[in-house]
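First comes the structure, then the notes that go with it.
The values are calculated or read from the model by the stated rules, or taken from the named source; none is laboratory data. Since the structure is predicted, the reported quantities are computational estimates derived from the model, not experimental observations. Every residue, glycine among them, receives a Cβ derived from its backbone with ideal geometry; neighbour counts consider all protein chains shown. Ligands, DNA and RNA are stripped out before the accessible areas are found, and what is left, the full protein with its side chains, is counted by its heavy atoms. Shrake-Rupley method; radii C 1.70, N 1.55, O 1.52, S 1.80 Å.
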Amino acid sequence: MKILVIGSGAREHAISWKLSRERDVSEVVCAPGNPGIATIARCLPCDVTRPGDLLAIALREGVDFTVVGPEVPLSHGVVDLFVARGQAIVGPTRAAAQLETSKSFSKDFMARHGVPSARYRVCESTDSALAAIAAGEFGYPLVLKADGLAAGKGVVIAEDRESAEAAVRAAMVDRRFGAAGDRVVLEEFLAGDEASYFVLADGTACVPLSSAQDHKRIFDGDRGPNTGGMGA
């Protein structure tokens, strides 16, 4: 069995390493990969924002199935395209991936389905965000999230009104996160540990995998700005 892994980060390195050790796997190729992945899999240059290019690689290489690691190609509909062409692929459709690619979508989804989460408000403009901050609905610390994908760095925990307003201007006026900051989510701060629990699902059934914990703040003792999540 020949497998294509899409992505170029540590997650894809781990996936490629594990799959390469399976007895029924003849080869793992990775697009685009990185120097570490290149020690265990053949890496192929590509632009992960172009699903058509990824499909062309899968067809050219004759892969049996594809595993998608990062969110960006999911947000561009790579799974939808592969499925339409009869290519086996592991990953959510573009619509389902909104749970990760849009903070406002995921918060609205949780509210709609009764999934407990922090209180929140979606702001579509700078003025509405600043007005919500001035109202002090959620107190401080206040969590501010760029709505779209920001490589795990679009979240600010503001300790006061000044830093909250600065975060809004950085996202919505200065465009620090590009289109990801077109809208922001203001959220009640909840203290505690963060954990993720992973499953593989086909729409009707799921298979549990494992749990993991991100360490989001850059310095020891949960200090400093958020990162994309480091080790556990």
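When the Gaussian network model of the chain links Cα atoms closer than 10 Å, the mean-square fluctuations of His113, His215, His13 top out at His113. Using a probe radius of 1.4 angstrom, the carbon and sulfur fraction of the accessible surface of the chain is 54%. Pairwise Cα distances in the range 116-232 exceed 22 Å for 40 percent of all pairs. Rounded to the nearest 5, what % of DSSP beta bridges with both residues in the chain are antiparallel? Antiparallel bridges make up about 60 percent of those DSSP assigns within the chain. Between Glu27 and Ala118, the modelled label-to-label distance comes to 4.7 nm, taking each label 7 Å out from Cα in the direction of the beta carbon. Take the Cα of Ala170, step 7 Å toward its Cβ, do the same at Leu190, and the gap between the two points is 2.4 nm. Cα extents for the chain along the principal axes, largest to smallest and rounded to whole angstrom: 59, 38, 36.
Give the range of the longest stretch in the chain that excludes all GluC sites (Glu not before Pro) found in loop regions by DSSP and having at most 16 other beta-carbon atoms within 10 Å. Mind dumping the intermediate values first?
On the way: sites that count: Glu22, Glu124, Glu137, Glu159, Glu194.
So the longest stretch without any such site is 23-123.
Phi angles of the range 23-39 translate, via the Karplus equation with coefficients 6.51, -1.76, 1.60 and θ = phi - 60°, into HN-Hα couplings of 5, 8, 8, 8, 7, 10, 10, 10, 10, x, x, 8, x, x, 4, 4, 7 Hz per residue; Gly and Pro are given as x.
Contour minus end-to-end for Glu100 and Asn34, with contour as 0.36 nm per residue of separation and end-to-end as the Cα-Cα distance? Could you put the intermediate results ahead of the total?
Details: separation 66, 0.36 × 66 = 23.76 nm, distance 2.38 nm.
Length gained between Glu100 and Asn34: 21.4 nm.
Would you mind getting the accessible area per residue of the range 160-224, heavy atoms of the protein chains only, 1.4 Å probe, in Å²?
Accessible surface, normalised per residue, equals 71 Å².
Ranking of Met172, Met1, Met110 by solvent-accessible surface, largest first: Met1, Met110, Met172 (1.4 Å probe, protein heavy atoms only, all chains present).
Can you pull the Rg over Rh of the range 1-51, Cα-only, Kirkwood?
0.95
Along its principal axes, the range 50-179 has C-alpha extents of 57, 34, 20 angstrom, given from the largest down.
Among the lysines of the range 1-154, pairs at least eight places apart or on separate chains and with Cα atoms under 16 Å apart come to 5.
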